[in-house]
Amino acid sequence: MSDGAGDGAGDGAGDGTGDGAGGGAAFEPRDERARRIAKVDALRAAGTDPYPVRFDRTHTAAEMHEQWDGIEDGSETTHEVRVAGRLLLKRSQGKLTFGTLRDGTGTIQLFVSRAEVGDSVHGAFDDLDLGDWIGVSGTVMKTRKGELSVKLRDFVLLAKALRPLPEKWHGLTDVDTRFRQRYVDLIANDDARRVFAIRFDVVATIRRLLVEQGFVEVETPVLHEQAGGAAAKPFETYHNALDTPLVLRIALELHLKRLLVGGMERVFEIGRVFRNEGLSTRHNTEFTMLEAYQAFADYTDMMTLTETLVTECARVCIGGTTVEVDGTTIDLSAPWPRRPMLDLIEEHSGQRVHPTMPVEELERVLDGLDVDHKPGWDSGQLILELYEKLVEPKITAPVFVCDYPRSVSPLARVHREDPALVERFEAVVFGRELANAFSELNDPIDQLGRFEDQAKLAAAGDEEAHGVDADYVRALEYGLPPCGGLGIGIDRLVMLIAGVTTIREVILFPHLRPEAGHDEPTEVEGGDNS
């Protein structure tokens, strides 16, 4: 081996120090950007395009590791490879330079020997900045310290980075900047990449499982004539060509059930929904839902489906069904307990309540338990408030909370044993609603009455209540078979499996307040710019 490559003297470029930024001098972000722009100008003046159109690679980093991790430490091969990625770290040691290149699959070390490539190529490589995208050609080797590497023969600049990466030891730590500049967060933070790898695997796993069970994936409209399928305030817009107001969908439900009317017996959609409500650790105005509907099933079948989807997603993503959230260990393995809401309220409050109780009596119960409520709420709303304040936050391990009051569930079938309730459940884990499901209401007369009740609430000022969807009622009049329906919040499922506590961690580009002005370099500080 030449130039001391066998001793791995520069091995482990993770040190990241070096002279590539002009002798290691510190730069302010604005100065650093100007310095890099000057490099771009110099390259163009010399006839080099700093942003070429393409690069043909032969291997990814992962493919290299899979194929050659087993070669002997300190060995060189004649295998020619072409790899491409972002230069993350660089360490110069006289006639040797070590670099770390990362692509979408992982990292690979670069070994650059002046004796092998000559002064010109070696100097050009040392002049690269961290963050630059490069394409590299060379041969496969492994240092004596066991680091699989590409022994560089030549390279080409693929995209010059004009802004410095965050300082390597501290990464990108400002929370607002991390979410606002997710493109930098993904470069700088390993955990961000971990979380989104889990998200992508969750979606892929759900699709696979549902297709294996005979479900068909469909797409339904995002623009609706009126909101429906959930209790939420919609975003409003206007269709100029049709001269009509429209809303962004708040749920996928009503169009999917129309497809069951049409004879499609198992359908699902993974889609974005939009709710014009506040932002919190659990809420983003735009989020992703899975909704699935199965003919000839009820809410007990949806419980089984929920357990299957959640546990298999956990196994695929983290290798088991035990997750840790905020220091709490949670076992997601099935079966999950199935508990009536009214029983849980009694356990946590000592009060037995029921939707048939007079409103005044229920109000006294809430007052006695120091639970706030609004004038005009019916018995179902009061009971739901009791549950959400006293019970839901205390649920840690997965529980199916079953059998909701009829008035707060306008699309669910009346309970077969108690007409004041409906066959509905929410899957609750770590104090969060993870899934919502019904035995679906398929009686058009009953559904019309429920819609009319909602219309009265809307007329009285309830922004989350909605009017009569006449076309949906018409669809039901053609016959909706008995069916079960399920909705799972993809974002919350990813939060659970990834062990994070805010929804912004699992959405690539969450909604934030408008940025309060920024200068050219923005607030992303550069550290070592070698």
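The values are calculated or read from the model by the stated rules, or taken from the named source; none is laboratory data. Nothing here was measured: the structure is a model prediction, and the numbers come from that model. Don't worry about glycine lacking a Cβ; one is built from the backbone with ideal geometry, like all the others, and counts go over all protein chains shown.
Can you pull out the residues in segment 371-383 that are surrounded by 20 or more Cβ atoms within 10 Å (Cβ to Cβ) and either on the phi > 0 side of the Ramachandran plot or hydrophobic (A, V, I, L, M, F, W, C) (or both)?
Within segment 371-383, Leu382, Ile383 qualify.
What number of residues within segment 354-378 are of a type in the set (A, V, I, L, M) and over 38 Å from the mean Cα position of the chain (by Cα)?
Total satisfying the criteria: 4.
Would you say Thr321 is farther than 29 Å from Lys257 by Cα, crowded, with 16+ Cβ neighbours inside 10 Å and not aliphatic (A, V, I, L, M)?
yes
So for segment 395-406 (the condition being under 27 Å from the mean Cα position of the chain (by Cα), over 30 Å from Pro482 (Cα atoms), modelled with pLDDT of 95 or more and not small (Gly, Ala, Ser)), does at least one residue qualify?
Scanning segment 395-406, I find at least one residue that is under 27 Å from the mean Cα position of the chain (by Cα), over 30 Å from Pro482 (Cα atoms), modelled with pLDDT of 95 or more and not small (Gly, Ala, Ser), so the answer is yes.
Counting just the residues of segment 173-210 that are of a type in the set (D, E, K, R) and touching a residue at least 40 places away in the same chain (Cβ under 8 Å), which one comes out surrounded by the fewest Cβ atoms within 10 Å (Cβ to Cβ)?
Once the filter is applied, the top-ranked residue is Asp176.
Evaluate the following for Glu520: is it surrounded by 15 or more Cβ atoms within 10 Å (Cβ to Cβ) and modelled with pLDDT under 95?
No: the conditions fail for Glu520.
Looking only at segment 230-250, count how many residues are touching a Phe, Trp or Tyr at 6+ places or on another chain (Cβ under 8 Å), within 25 Å of Arg424 (Cβ to Cβ) and in a loop (DSSP other than H, G, I, E, B).
Number satisfying all stated conditions: 3.
Starting from segment 218-246, keep only residues that are closer than 23 Å to Gln294 by Cβ and in contact (Cβ under 8 Å) with a residue 24 or more places away in the chain, then list their pairs with residues that are among the charged types (D, E, K, R) and not in a loop (DSSP other than H, G, I, E, B) whose Cβ atoms are within a distance under 8 Å, requiring at least 6 positions of separation or different chains.
Once the first residue is closer than 23 Å to Gln294 by Cβ and in contact (Cβ under 8 Å) with a residue 24 or more places away in the chain and sits in segment 218-246, its partners that are among the charged types (D, E, K, R) and not in a loop (DSSP other than H, G, I, E, B) give Val218/Glu269; Glu219/Glu269; Thr220/Glu269; Gly228/Glu253; Gly229/Glu253; Ala230/Glu253.
Does Arg33 meet the test of being in a helix (DSSP H, G or I), touching a residue at least 12 places away in the same chain (Cβ under 8 Å) and assigned by TED's automatic domain parsing to the domain that holds Gly118? If you could, list the steps in order and put the result at the bottom.
On the way: in a helix (DSSP H, G or I): yes; touching a residue at least 12 places away in the same chain (Cβ under 8 Å): yes; assigned by TED's automatic domain parsing to the domain that holds Gly118: yes.
Criteria met by Arg33.
From Arg102, Arg82, Arg114, Arg44, grab the single residue that is under 20 Å from Arg163 (Cα atoms), at pLDDT 95 or above, more than 31 Å from the chain's Cα centre (by Cα) and not small (Gly, Ala, Ser).
Arg44
Between a first residue in segment 315-340 that is in the same structural domain as Glu423 (by TED's automatic domain parsing) and charged (D, E, K, R) and a second residue that is outside any loop (DSSP other than H, G, I, E, B) and surrounded by fewer than 18 Cβ atoms within 10 Å (Cβ to Cβ), which pairs have beta carbons less than 6 Å apart while being 6 or more apart in sequence or on different chains?
These pairs meet every condition: Asp331/Thr322.
Yes or no, residue by residue, for (1) under 26 Å from Glu219 (Cα atoms); (2) outside any helix (DSSP H, G or I); (3) modelled with pLDDT under 95; (4) aromatic (Phe, Trp, Tyr):
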residue: Leu279; (1), (2), (3), (4): no, yes, yes, no
residue: Met289; (1), (2), (3), (4): yes, yes, no, no
residue: Met303; (1), (2), (3), (4): yes, no, no, no
residue: Glu307; (1), (2), (3), (4): yes, no, no, no
residue: Cys313; (1), (2), (3), (4): yes, no, no, no
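Within segment 404-428, how many residues are within 15 Å of Met303 (Cα to Cα) and surrounded by fewer than 23 Cβ atoms within 10 Å (Cβ to Cβ)?
Residues flagged as within 15 Å of Met303 (Cα to Cα) and surrounded by fewer than 23 Cβ atoms within 10 Å (Cβ to Cβ) within segment 404-428 amount to 1.
Enumerate the strands (runs of 3 or more DSSP E) found wholly within segment 62-125, keeping only those where 2 or more residues are of a type in the set (Gly, Ala, Ser) and surrounded by 14 or more Cβ atoms within 10 Å (Cβ to Cβ).
In segment 62-125, the matching strands (runs of 3 or more DSSP E) lie at 76-93, 106-113.
Can you name every residue in segment 181-196 that is in contact with a helix residue (DSSP H, G or I) (Cβ under 8 Å, 6 or more places away or on another chain) and not polar (S, T, N, Q)?
Within segment 181-196, Arg182, Val184, Asp185, Leu186, Ala192, Arg193, Arg194, Val195, Phe196 qualify.
Table: residues versus (1) within 30 Å of Leu508 (Cβ to Cβ); (2) in contact (Cβ under 8 Å) with a residue 60 or more places away in the chain; (3) surrounded by fewer than 18 Cβ atoms within 10 Å (Cβ to Cβ); (4) in contact with a Ser or Thr (Cβ under 6 Å, 6 or more places away or on another chain).
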site: Glu265; (1), (2), (3), (4): no, yes, yes, no
site: Tyr293; (1), (2), (3), (4): yes, yes, no, no
site: Ile345; (1), (2), (3), (4): no, no, no, no
site: Gln351; (1), (2), (3), (4): no, no, yes, no
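Counting only residues that are among the aromatic types (Phe, Trp, Tyr) and within 29 Å of Val500 (Cβ to Cβ), how many does segment 253-298 have? Give the derivation first.
If we filter segment 253-298 for residues that are among the aromatic types (Phe, Trp, Tyr), which is where we start, we get 268, 274, 287, 293, 296.
Narrowing further to those that are within 29 Å of Val500 (Cβ to Cβ): 268, 274, 287.
Adding up the residues that qualify gives 3.
Quick check, is Thr173 of a type in the set (Ser, Thr, Tyr) and in the same structural domain as Ile71 (by TED's automatic domain parsing)?
Against the criterion (of a type in the set (Ser, Thr, Tyr) and in the same structural domain as Ile71 (by TED's automatic domain parsing)), Thr173 does not qualify.
Check segment 189-204 and report whether any residue there is modelled with pLDDT under 95 and in contact with a Phe, Trp or Tyr (Cβ under 8 Å, 6 or more places away or on another chain).
Within segment 189-204, not a single residue is modelled with pLDDT under 95 and in contact with a Phe, Trp or Tyr (Cβ under 8 Å, 6 or more places away or on another chain).
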